[in-house]
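The values are calculated or read from the model by the stated rules, or taken from the named source; none is laboratory data. In this text, all values refer to a predicted model and were calculated from it rather than measured experimentally. Virtual Cβ from ideal backbone geometry, glycine too; neighbours counted across all protein chains shown. For the accessible areas, the whole protein counts, side chains as well, though only heavy atoms, and no ligand, DNA or RNA atoms are used. Shrake-Rupley method; radii C 1.70, N 1.55, O 1.52, S 1.80 Å.
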Amino acid sequence: MRRLRVGVVGCGSIAKHRHLPEYAMNEHVEVTAVCDIVEDRAIEMAEKYGAKVYTDYKELIANDEIDAVSVCTPNYLHAPVSIAALQAGKHVLCEKPMATSKEEGEQMISAAVEQDKKLMIAHNQRFVPSHVKAKQLIENGEIGKIYSFRTTFGHGGPEAWSMDGKESWFFQKDKAFIGAMGDLGVHKTDLIRYLLGEEVVEVGSFVETSAKDNTDVDDTAVCVLKTESGIIGTLAASWSYVSKEDNSTIIYGEKAILRLEDDPAYSLIAQYQNGEVVKYELGGIQTNESGDQTNTQVIDKFVDCIVNDTVSPVSGEEGMKSLQVILAALESNEKKTITRLN
Ligand SMILES: NC(=O)c1ccc[n+]([C@@H]2O[C@H](COP(=O)([O-])OP(=O)(O)OC[C@H]3O[C@@H](n4cnc5c(N)ncnc54)[C@H](O)[C@@H]3O)[C@@H](O)[C@H]2O)c1
C-alpha cells in the first residue's frame, strides 16, 4: 500500500518536537510538505524531512498528493486551516484547543462528516501511561466511587517554548484567544473527562493575568468543576509556576487515592484505604522542560485510524466537549456566576 502523504502547517515548536519526528518514525507515512509563514522555518524542516516548502497553507492544501494535514499553527488558525483541509478531502490532526469558539468547532466537525474524513484533536494526555492505567483502575472499580479530584498544569510560560519567545502569539489575544486556561487547562479538562468517563456540567472559575506584563490573555486560572454524577474537583492552569512544571492529578475515591504525575520516580501511586501503597513506574509525562515531546502516540494513533479506517481516537466531538469547558470557565469568570453546560 502506498504511504500516507502528510503536510504539516506551522513549523514551530510542536511541529518540530512532536509532529514531524513522530511522522518520520511511522512506517506508513511520507512527510510530503511543510508550511510556515516564516520561510526559513519551513525550509529547515523541509531539508530535514525531505519535504516540499510552502509559505501559504492554502497552496499546501491545494496539493492533491497530500492525504492528511497536521495543523500546528496559532489557535486562531486551527478552524480555518482544518476546515479548508477537510473540504479539500484531507484527514486532519489539529492541535489544541481545537478552535476559538463553539461555532468554529461545530464547523470543523461538520466538514469532517460531510467529507467522510478523520478529524483528531491532539489531546495527548489521554495516552500518557499513568493516565491510561488510572482509567483502567477507575473502570475496574478498584478505586470505588470517586468523590473528588485536583488537577493542575502549570509552568513558567510559553516564552521558553514558542519559536517567537516573549513576542509569541501565545501572549496575543487576537491570535491565542485564551492564555494558560486554553494552553494547559484544556489538557486537564480533557484528561478529567477521559479519566472519569463523565461530562462536566457546571464550572466556576477565576481567570487572571497575574504574572506576565507582555500579554492580554490569562496566565493563572483556578476552576471548580462538577460532573454529571456529582463528582467535584479543582482544575488549575498557569504560566506562573516559576521554578518547576506541575502536571499532576489526584483522584480521591472511596477505596483509594490515585496520585498521577505527582512523584518524580513513580508516575502513578495508588494509596489504598487499607494502608497498602502500590507504586507504578510507567515512565514520565512529556514535558516542555525535558524537551521530550516525541513518543506521545498522538501521531501513531492518528495514522492508525486513517490506515485502518477506525474511529478517531480523540474526535472533533471530544475536542469540542473539552473546549466548551474552557469557554464556560471564561464565561463564569466574566459573569461571576457558575456556568452550566448542557
Ligand atoms: N499538544 C500539546 O501538548 C501542545 C504543546 C505545545 C503547543 N501546542 C499547540 O500547538 C500549536 C502551535 O504551537 P507551538 O508551540 O508550535 O507555537 P510556536 O509559536 O512555536 O509555532 C507556531 C508557528 O506557526 C507559524 N505560523 C503562524 N501563522 C502561520 C500561518 N498562517 N501559516 C503557517 N504557519 C504559521 C509561526 O511562524 C510559528 O513558526 C498551538 O495550537 C499550541 O496550542 C500543543
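Please verify whether the range 159-169 includes one or more residues that are polar (S, T, N, Q), more than 13 Å from the chain's Cα centre (by Cα) and surrounded by 24 or more Cβ atoms within 10 Å (Cβ to Cβ).
Taking every residue of the range 159-169 in turn, none turns out to be polar (S, T, N, Q), more than 13 Å from the chain's Cα centre (by Cα) and surrounded by 24 or more Cβ atoms within 10 Å (Cβ to Cβ).
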Qualifying residue in the range 38-55 (condition: among the small types (Gly, Ala, Ser), part of a helix (DSSP H, G or I) and without any contact (Cβ under 8 Å) to a residue 60 or more places away in the chain): yes
Index of the failed condition, Leu77 passing every other in (1) open to solvent by 30 Å² or more (accessible area, probe 1.4 Å); (2) more than 9 Å from the ligand (Cβ to nearest atom): (2)
Condition met for Phe153 (of a type outside the set (Asp, Glu), on the phi > 0 side of the Ramachandran plot and modelled with pLDDT of 95 or more): no
So Ala15, is it farther than 23 Å from Asp164 by Cα and either in a helix (DSSP H, G or I) or more than 9 Å from the ligand (Cβ to nearest atom) (or both): no
Pick from the range 31-52, criterion within 21 Å of Ile83 (Cα to Cα) and aliphatic (A, V, I, L, M), ranking: most open to solvent (accessible area, probe 1.4 Å): Ile37
One residue from Thr296, Thr310 being among the hydroxyl-bearing types (Ser, Thr, Tyr), closer than 28 Å to Asp116 by Cβ, open to solvent by 10 Å² or more (accessible area, probe 1.4 Å) and part of a loop (DSSP other than H, G, I, E, B): Thr310
Any hit, the range 45-66, residues being in contact with a Cys (Cβ under 8 Å, 6 or more places away or on another chain), under 24 Å from Leu327 (Cα atoms) and in the same structural domain as Thr32 (by TED's automatic domain parsing): no
Near pairs, Cβ below 6 angstrom, 6+ apart or cross-chain, from the range 77-95 (touching a residue at least 12 places away in the same chain (Cβ under 8 Å)) to any residue that is open to solvent by 30 Å² or more (accessible area, probe 1.4 Å) and among the aromatic types (Phe, Trp, Tyr): Val81/Tyr57
